[in-house]
Amino acid sequence: MICDDIRAAMADGDLCEDTDRGARILTHCLYPSFEPVEVYVSAYGDGFRITDGGGAAAAAYLHGRDELGKVLARECARFGVECNGDVVVAEVGSADWLRSGILAVANASAAAAISALERVAVAAEKVLADKIYEGLTRVVSPSFIAREYEHRGVSGKRWRFDFGATAGEGLLLVNAVAPHHVSVSAKYVAFADTPANDDGVRKLAVFGRKLETEDAALITQVATLVPVASVEAGIRRAMS
């Protein structure tokens, strides 16, 4: 039966083992690295204390953000749990509330790490976009370059690109891509939904720090990928 297959596939999420930090539960919530969120449960008075063991902070640090700050506080408030420094905490009065507490802590921890990574990606893309603009203006007059350019995709959805530049009858769509899952995923979807090159649209993705091999392969399926050091040459080739 399908339900049996699903239960087998989801079985890892039921893992619970005793540790010196409390009972460790492997949840189905994921950090940006796609590692599952681990939650720790210990007895606390007549009830239980549940924490993420500082997992959100560790995940954020792994991706280049030293601290979560307001991001963690916002996600804790959203899921109705507390922040104790960089640790997500919930206290429940009985076993009846354990499931809800575990899910709240796991979701808050995952959401905080993802939000922190989004900030890293946005900051990296902004710096990269300034360098791209310098290259663009050496090829195209600034009057033919639009920042935050919106373009309607095949689906009908309007996507926002870092730049839209026109030369003759062609259109060049340019996006900065940072080496973070959030950035890669967002830019892939936008490029994938835009018309093909033979419709007069050229698509250029520009990176600063080297992308992972898998991410680079993904982007090259939907756009021409060039390093920022070669952005001017890449723009000239794309618009020729």
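The values are calculated or read from the model by the stated rules, or taken from the named source; none is laboratory data. Fair warning: this is a prediction, and the values are worked out from it, not measured in the lab. With ideal geometry, Cβ positions are generated from the backbone for all residues, glycine too; neighbour counts draw on all protein chains shown.
Observations
- Of all residues in the range 193-218 being of a type outside the set (A, V, I, L, M, F, W, C) and over 17 Å from PHE163 (Cα atoms), the one that is modelled with the lowest pLDDT: ASP198
Yes/no matrix, rows are residues, columns are (1) modelled with pLDDT of 90 or more; (2) touching a helix residue (DSSP H, G or I) at 6+ places or on another chain (Cβ under 6 Å); (3) of a type in the set (Phe, Trp, Tyr); (4) within 25 Å of ASP46 (Cβ to Cβ):
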residue	(1), (2), (3), (4)
PHE79	yes, yes, yes, yes
CYS83	yes, yes, no, yes
ALA90	yes, yes, no, yes
LEU103	yes, no, no, yes
ALA111	yes, yes, no, no
ILE114	no, no, no, no
GLU118	no, yes, no, no
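- Residue within the range 22-43 that is touching a strand residue (DSSP E or B) at 6+ places or on another chain (Cβ under 8 Å), part of a helix (DSSP H, G or I) and either of a type in the set (Asp, Glu) or at pLDDT 90 or above (or both) present: no
- Looking at GLU91, GLU125, just one residue is of a type outside the set (A, V, I, L, M), more than 28 Å from SER183 (Cβ to Cβ) and in contact with an Asp or Glu (Cβ under 9 Å, 6 or more places away or on another chain), and that residue is GLU91.
- Among the residues of the range 108-117, some residue qualifies, meaning at least one is buried (at least 21 other Cβ atoms within 10 Å of the Cβ), outside any strand (DSSP E or B) and touching a Lys or Arg at 6+ places or on another chain (Cβ under 6 Å).
- Residues in the range 189-212 that are within 17 Å of the chain's Cα centre (by Cα) and more than 24 Å from ARG236 (Cβ to Cβ): VAL189, GLU212.
- For the range 192-238, taking the residues that are under 21 Å from LYS131 (Cβ atoms) and polar (S, T, N, Q), the one that is surrounded by the most Cβ atoms within 10 Å (Cβ to Cβ) is identified as THR224.
- Selection count where residues are crowded, with 23+ Cβ neighbours inside 10 Å and at pLDDT below 80, scope the range 44-77: 2
- Search result, residues across the range 140-183 that are aromatic (Phe, Trp, Tyr), touching a Leu at 6+ places or on another chain (Cβ under 8 Å) and over 30 Å from PHE34 (Cα atoms): TYR149, PHE163
- Of residues in the range 152-180 being within 21 Å of THR220 (Cβ to Cβ) and surrounded by fewer than 19 Cβ atoms within 10 Å (Cβ to Cβ), the one modelled with the lowest pLDDT: GLY170
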